[in-house]
1. Sort out for me the Cα centre separation of the range 1-34 from the range 106-127, rounded to whole Å.
2. Taking the alpha-carbon distance from K36 and a cut-off under 12 Å, which aspartates and glutamates remain once sequence neighbours fewer than 8 residues away in the same chain are dropped?
3. So which residue, out of R151, R195, R203, gets the largest mean-square fluctuation from a GNM of the chain using Cα contacts under 10 Å as springs?
4. Within the range 79-109, find all residues whose amide N lies under 16 Å from a label point positioned 7 Å from the Cα of L223 along Cα-to-beta-carbon.
5. Under a GNM of the chain (C-alpha, springs under 10 Å), which listed residue has the highest mean-square fluctuation: E176, E53, E15?
6. Set Lys and Arg Cβ to +1 and Asp and Glu Cβ to -1, take the dipole of the range 10-222 about its Cα centre, and tell me which of I188, H178, L55 lies farthest positive.
7. With charges set only on the Cβ (+1 for Lys and Arg, -1 for Asp and Glu), what does the dipole of the range 10-222 come to about its Cα centre, in debye to the nearest 20?
8. Quick one: in the chain, what % of C-alpha pairs are over 22 Å apart?
Amino acid sequence: MPDLRLEGGLFISFEGGEGAGKTSQINRLGQFLASKGYRVVTTREPGGTPEGEALRSLLVQRGGGSWNPMAETLLMLAGRGMHVEKVIKPALDHGKIVISDRFSDSTLAYQGYGRGLDRAKLEALTDMVLEGFAPDLTFVLDIAVVEGLSRSTKRIAAEAHDNDESEDRFERMGIEFHERIRQGFLDIAKASPGRCNVLDASRRMDEIAGQIEAVVMSKIGAL
Ligand code: Z5A
(Lines give C-alpha, C1' and ligand atoms only; values in the text may rest on other atoms or scores of the structure.)
Protein backbone atom coordinates (compact mmCIF):
# COMPACT_ATOMS: atom_id res chain seq x y z
CA MET A 1 0.00 0.00 0.00
CA PRO A 2 1.50 3.39 -0.97
CA ASP A 3 1.75 6.10 1.70
CA LEU A 4 0.36 9.08 -0.20
CA ARG A 5 0.63 12.53 1.32
CA LEU A 6 -0.54 15.80 -0.17
CA GLU A 7 1.52 18.95 0.21
CA GLY A 8 -0.53 21.05 2.67
CA GLY A 9 -3.17 18.32 2.96
CA LEU A 10 -6.76 18.57 1.81
CA PHE A 11 -9.66 19.74 3.98
CA ILE A 12 -13.11 18.50 2.99
CA SER A 13 -16.36 19.35 4.80
CA PHE A 14 -19.78 17.74 4.47
CA GLU A 15 -22.83 19.89 5.07
CA GLY A 16 -26.58 19.58 4.82
CA GLY A 17 -29.74 19.21 6.84
CA GLU A 18 -30.80 16.41 9.13
CA GLY A 19 -30.56 12.87 7.76
CA ALA A 20 -29.02 13.96 4.46
CA GLY A 21 -26.50 11.11 4.68
CA LYS A 22 -23.32 12.99 5.62
CA THR A 23 -22.04 10.46 8.11
CA SER A 24 -22.71 7.54 5.74
CA GLN A 25 -20.91 9.27 2.86
CA ILE A 26 -17.98 10.36 5.04
CA ASN A 27 -17.41 6.76 6.12
CA ARG A 28 -17.45 5.60 2.51
CA LEU A 29 -15.16 8.37 1.27
CA GLY A 30 -12.74 7.75 4.13
CA GLN A 31 -12.51 4.06 3.24
CA PHE A 32 -12.18 4.82 -0.48
CA LEU A 33 -9.31 7.27 0.04
CA ALA A 34 -7.56 5.03 2.57
CA SER A 35 -7.76 2.14 0.07
CA LYS A 36 -5.85 4.34 -2.39
CA GLY A 37 -3.12 4.93 0.19
CA TYR A 38 -4.06 8.41 1.43
CA ARG A 39 -3.87 9.22 5.13
CA VAL A 40 -7.37 10.22 6.21
CA VAL A 41 -8.69 11.84 9.40
CA THR A 42 -12.46 11.89 9.86
CA THR A 43 -13.86 14.26 12.42
CA ARG A 44 -17.03 16.17 13.26
CA GLU A 45 -18.58 19.34 14.60
CA PRO A 46 -19.68 20.05 17.13
CA GLY A 47 -16.94 17.80 18.48
CA GLY A 48 -13.57 16.71 17.18
CA THR A 49 -11.63 17.29 20.43
CA PRO A 50 -12.45 16.17 24.00
CA GLU A 51 -13.48 19.76 24.77
CA GLY A 52 -15.56 19.95 21.59
CA GLU A 53 -17.29 16.68 22.43
CA ALA A 54 -18.17 18.10 25.86
CA LEU A 55 -19.67 21.15 24.15
CA ARG A 56 -21.53 18.83 21.75
CA SER A 57 -23.44 17.30 24.64
CA LEU A 58 -24.58 20.76 25.72
CA LEU A 59 -25.48 21.80 22.19
CA VAL A 60 -27.21 18.83 20.62
CA GLN A 61 -28.58 16.68 23.42
CA ARG A 62 -32.21 17.12 24.35
CA GLY A 63 -31.27 17.95 27.96
CA GLY A 64 -28.25 20.09 27.04
CA GLY A 65 -29.78 23.47 27.77
CA SER A 66 -31.77 26.22 26.13
CA TRP A 67 -29.20 28.44 24.41
CA ASN A 68 -30.01 31.69 22.68
CA PRO A 69 -28.61 32.04 19.12
CA MET A 70 -25.58 34.10 20.17
CA ALA A 71 -24.62 31.75 23.02
CA GLU A 72 -25.04 28.79 20.67
CA THR A 73 -22.80 30.46 18.10
CA LEU A 74 -20.10 31.32 20.63
CA LEU A 75 -20.02 27.74 21.90
CA MET A 76 -19.81 26.37 18.33
CA LEU A 77 -16.96 28.78 17.57
CA ALA A 78 -15.12 28.05 20.82
CA GLY A 79 -15.10 24.37 19.88
CA ARG A 80 -14.19 25.08 16.26
CA GLY A 81 -11.18 27.22 17.11
CA MET A 82 -9.68 24.39 19.17
CA HIS A 83 -10.69 21.78 16.60
CA VAL A 84 -8.77 23.63 13.90
CA GLU A 85 -5.74 24.28 16.10
CA LYS A 86 -5.44 20.83 17.71
CA VAL A 87 -6.76 18.43 15.05
CA ILE A 88 -7.34 19.86 11.59
CA LYS A 89 -4.25 22.01 10.94
CA PRO A 90 -1.75 19.50 12.40
CA ALA A 91 -3.21 16.74 10.18
CA LEU A 92 -3.06 18.97 7.09
CA ASP A 93 0.54 19.85 7.95
CA HIS A 94 1.29 16.10 7.79
CA GLY A 95 -0.21 15.88 4.30
CA LYS A 96 -3.40 14.14 5.42
CA ILE A 97 -6.92 14.44 4.07
CA VAL A 98 -9.26 15.75 6.78
CA ILE A 99 -12.99 15.11 6.35
CA SER A 100 -15.25 16.98 8.75
CA ASP A 101 -18.93 16.23 9.34
CA ARG A 102 -20.05 19.90 9.35
CA PHE A 103 -17.95 23.08 9.70
CA SER A 104 -18.54 26.85 9.38
CA ASP A 105 -21.34 26.63 6.80
CA SER A 106 -23.47 24.90 9.44
CA THR A 107 -23.14 27.94 11.71
CA LEU A 108 -24.32 30.29 9.00
CA ALA A 109 -27.15 27.92 8.05
CA TYR A 110 -28.35 26.98 11.56
CA GLN A 111 -27.57 30.02 13.71
CA GLY A 112 -27.95 32.51 10.83
CA TYR A 113 -30.72 31.31 8.50
CA GLY A 114 -32.31 29.01 11.09
CA ARG A 115 -32.15 31.01 14.32
CA GLY A 116 -31.98 34.49 12.81
CA LEU A 117 -28.58 35.71 14.01
CA ASP A 118 -27.34 38.68 12.04
CA ARG A 119 -25.14 37.50 9.16
CA ALA A 120 -22.57 40.29 9.42
CA LYS A 121 -22.06 39.57 13.13
CA LEU A 122 -21.72 35.86 12.41
CA GLU A 123 -19.16 36.44 9.70
CA ALA A 124 -17.17 38.83 11.89
CA LEU A 125 -17.08 36.32 14.76
CA THR A 126 -16.09 33.49 12.43
CA ASP A 127 -13.32 35.59 10.96
CA MET A 128 -12.04 36.47 14.42
CA VAL A 129 -11.73 32.76 15.32
CA LEU A 130 -10.66 31.22 12.01
CA GLU A 131 -8.76 34.12 10.38
CA GLY A 132 -9.89 33.05 6.92
CA PHE A 133 -9.26 29.33 7.35
CA ALA A 134 -11.85 27.36 5.32
CA PRO A 135 -12.36 23.95 3.68
CA ASP A 136 -10.80 23.33 0.26
CA LEU A 137 -13.87 21.39 -0.82
CA THR A 138 -17.41 21.16 0.56
CA PHE A 139 -20.20 18.73 -0.27
CA VAL A 140 -23.70 20.01 0.45
CA LEU A 141 -26.04 17.03 0.61
CA ASP A 142 -29.45 18.38 -0.32
CA ILE A 143 -32.64 16.54 0.53
CA ALA A 144 -36.31 17.43 1.07
CA VAL A 145 -36.75 18.34 4.74
CA VAL A 146 -39.46 15.76 5.43
CA GLU A 147 -37.39 12.96 3.89
CA GLY A 148 -34.25 13.91 5.82
CA LEU A 149 -36.09 14.22 9.13
CA SER A 150 -37.75 10.87 8.57
CA ARG A 151 -34.32 9.26 8.01
CA SER A 152 -32.77 10.81 11.12
CA THR A 153 -35.80 10.04 13.29
CA LYS A 154 -35.52 6.38 12.26
CA ARG A 155 -31.80 6.41 13.08
CA ILE A 156 -32.38 7.88 16.54
CA ALA A 157 -35.18 5.36 17.20
CA ALA A 158 -32.91 2.52 16.04
CA GLU A 159 -30.30 3.68 18.55
CA ALA A 160 -33.06 3.30 21.16
CA HIS A 161 -32.47 6.77 22.63
CA ASP A 162 -35.48 8.60 23.91
CA ASN A 163 -34.12 10.47 26.89
CA ASP A 164 -32.22 13.63 27.77
CA GLU A 165 -29.08 12.31 26.04
CA SER A 166 -30.83 11.86 22.67
CA GLU A 167 -29.02 14.02 20.10
CA ASP A 168 -32.21 15.46 18.73
CA ARG A 169 -32.36 19.04 20.01
CA PHE A 170 -32.29 20.42 16.45
CA GLU A 171 -34.42 17.67 14.91
CA ARG A 172 -37.20 18.67 17.29
CA MET A 173 -37.43 22.21 15.85
CA GLY A 174 -40.25 22.83 13.34
CA ILE A 175 -40.34 22.15 9.61
CA GLU A 176 -40.05 25.87 8.78
CA PHE A 177 -36.78 26.06 10.71
CA HIS A 178 -35.40 23.17 8.64
CA GLU A 179 -36.68 24.70 5.39
CA ARG A 180 -34.74 27.90 6.17
CA ILE A 181 -31.62 25.84 6.81
CA ARG A 182 -31.99 23.95 3.54
CA GLN A 183 -32.30 27.28 1.69
CA GLY A 184 -29.31 28.61 3.65
CA PHE A 185 -27.06 25.80 2.49
CA LEU A 186 -28.20 26.29 -1.12
CA ASP A 187 -27.48 30.04 -0.91
CA ILE A 188 -24.05 29.42 0.64
CA ALA A 189 -23.19 26.93 -2.12
CA LYS A 190 -24.34 29.34 -4.81
CA ALA A 191 -22.09 32.04 -3.39
CA SER A 192 -19.02 29.72 -3.36
CA PRO A 193 -19.28 27.58 -6.50
CA GLY A 194 -15.54 26.83 -6.58
CA ARG A 195 -15.62 25.23 -3.13
CA CYS A 196 -19.14 23.82 -2.82
CA ASN A 197 -20.75 20.94 -4.66
CA VAL A 198 -24.49 20.46 -4.14
CA LEU A 199 -25.54 16.82 -4.44
CA ASP A 200 -29.04 15.39 -4.68
CA ALA A 201 -29.02 13.29 -1.51
CA SER A 202 -32.32 11.52 -2.25
CA ARG A 203 -30.52 9.08 -4.57
CA ARG A 204 -29.02 5.68 -3.74
CA MET A 205 -25.96 5.79 -1.45
CA ASP A 206 -23.72 4.16 -4.10
CA GLU A 207 -24.63 6.71 -6.72
CA ILE A 208 -23.89 9.64 -4.39
CA ALA A 209 -20.62 8.03 -3.22
CA GLY A 210 -19.44 7.59 -6.84
CA GLN A 211 -20.05 11.27 -7.58
CA ILE A 212 -18.20 12.36 -4.43
CA GLU A 213 -15.21 10.13 -5.22
CA ALA A 214 -14.98 11.57 -8.74
CA VAL A 215 -15.00 15.17 -7.47
CA VAL A 216 -12.38 14.43 -4.79
CA MET A 217 -10.05 12.59 -7.17
CA SER A 218 -10.33 15.43 -9.66
CA LYS A 219 -9.50 17.93 -6.90
CA ILE A 220 -6.48 15.87 -5.85
CA GLY A 221 -5.39 15.66 -9.48
CA ALA A 222 -5.52 19.46 -9.73
CA LEU A 223 -3.42 20.10 -6.59
N1 Z5A B 1 -24.97 22.56 14.36
C2 Z5A B 1 -25.25 23.91 14.44
O3 Z5A B 1 -26.38 24.30 14.77
N4 Z5A B 1 -24.26 24.80 14.17
C5 Z5A B 1 -23.01 24.43 13.83
O6 Z5A B 1 -22.13 25.28 13.61
C7 Z5A B 1 -22.73 23.02 13.74
C8 Z5A B 1 -23.74 22.12 14.01
C9 Z5A B 1 -21.36 22.55 13.39
C10 Z5A B 1 -25.43 18.09 15.09
O11 Z5A B 1 -25.11 17.70 13.80
C12 Z5A B 1 -26.29 19.32 15.12
O13 Z5A B 1 -25.50 20.48 15.38
C14 Z5A B 1 -26.96 19.58 13.80
C15 Z5A B 1 -26.71 21.04 13.48
C16 Z5A B 1 -26.05 21.59 14.68
N17 Z5A B 1 -28.32 19.40 13.86
N18 Z5A B 1 -28.88 18.40 14.19
N19 Z5A B 1 -29.44 17.53 14.54
P20 Z5A B 1 -25.08 16.19 13.30
O21 Z5A B 1 -24.35 16.25 12.00
O22 Z5A B 1 -24.55 15.30 14.32
O23 Z5A B 1 -26.64 15.84 13.14
P24 Z5A B 1 -27.46 15.37 11.93
O25 Z5A B 1 -27.30 16.17 10.73
O26 Z5A B 1 -28.83 15.28 12.47
O27 Z5A B 1 -26.90 13.90 11.65
P28 Z5A B 1 -27.70 12.74 11.04
O29 Z5A B 1 -29.19 12.76 11.25
O30 Z5A B 1 -26.99 11.53 11.49
O31 Z5A B 1 -27.56 12.99 9.54
P32 Z5A B 1 -26.47 12.54 8.50
O33 Z5A B 1 -25.15 12.30 9.12
O34 Z5A B 1 -26.52 13.56 7.43
O35 Z5A B 1 -27.04 11.18 7.93
P36 Z5A B 1 -26.59 9.63 8.19
O37 Z5A B 1 -26.38 9.39 9.65
O38 Z5A B 1 -25.53 9.27 7.27
O39 Z5A B 1 -27.92 8.96 7.70
C40 Z5A B 1 -29.12 9.06 8.43
C41 Z5A B 1 -29.96 7.79 8.14
O42 Z5A B 1 -30.32 7.78 6.76
C43 Z5A B 1 -29.18 6.48 8.40
O44 Z5A B 1 -30.07 5.54 8.89
C45 Z5A B 1 -28.68 6.09 7.00
O46 Z5A B 1 -28.53 4.71 6.86
C47 Z5A B 1 -29.80 6.62 6.10
N48 Z5A B 1 -29.31 7.05 4.78
C49 Z5A B 1 -28.21 7.77 4.51
N50 Z5A B 1 -28.08 7.96 3.17
C51 Z5A B 1 -29.14 7.36 2.61
C52 Z5A B 1 -29.56 7.21 1.24
N53 Z5A B 1 -28.88 7.75 0.23
N54 Z5A B 1 -30.70 6.54 1.01
C55 Z5A B 1 -31.41 6.00 2.05
N56 Z5A B 1 -31.06 6.08 3.36
C57 Z5A B 1 -29.93 6.77 3.63
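The values are calculated or read from the model by the stated rules, or taken from the named source; none is laboratory data. It should be emphasised that the depicted structure is a prediction, and the values quoted were computed from it without experimental measurement. Note: ideal-geometry Cβ built from the backbone for every residue, glycine included; neighbour counts use all protein chains shown. Calculation scope for accessible area: heavy atoms of the full protein, side chains included, ligands and nucleic acids excluded. Shrake-Rupley method; radii C 1.70, N 1.55, O 1.52, S 1.80 Å.
1. 25 Å
2. Those aspartates and glutamates meeting the cut-off are D3, E213.
3. Between R151, R195, R203, it is R203 that shows the largest mean-square fluctuation.
4. 88-100
5. E176
6. Farthest towards the positive pole: I188.
7. Details: 27 positive and 31 negative charges, 90 e Å.
For the range 10-222, the charge dipole is close to 440 debye.
8. On the way: 12378 of 24753 pairs.
Across the chain, Cα pairs with separations above 22 Å total 50 percent.
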